[in-house]
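Okay, structure first, notes after.
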Amino acid sequence: MVHNLKAFAEAIAGTTGHPFTSEHMVQNVEVLEAIARSAGDRRTSEIAELG
């Protein structure tokens, strides 16, 4: 995930293109949402639960 954020910042700065597809970015958001839900609920959350 850190690599994605660094690559995004570099793409914004114009130093390189963004190597991740829109699908990759959506999957990253799904993972972050599952992490937030797990922390809030204090239980394991599945990405499938988010839909």
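Helix 2-13 axis versus longest C-alpha principal axis of the chain: approximately 40°, rounded to the nearest ten.
Normalised by the number of residues in the chain, the average gap of Cα pairs under 8 Å and 6 or more apart makes the relative contact order 23 percent. Computed from Cα positions, the angle between helix 22-41 and the longest principal axis of the chain comes to roughly 40 degrees. Given the alternatives [x] 3.0; [y] 4.0; [z] 4.6, mean projected area of the Cα convex hull in nm² as computed for this entry is given by [y]. Surface composition of the chain: carbon plus sulfur atoms contribute 60% of the solvent-accessible area (1.4 Å probe, protein chains only, all chains present).
The values are calculated or read from the model by the stated rules, or taken from the named source; none is laboratory data. Just so you know, these numbers come straight off a predicted model, no measurement behind them. Calculation scope for accessible area: heavy atoms of the full protein, side chains included, ligands and nucleic acids excluded. Shrake-Rupley method; radii C 1.70, N 1.55, O 1.52, S 1.80 Å.
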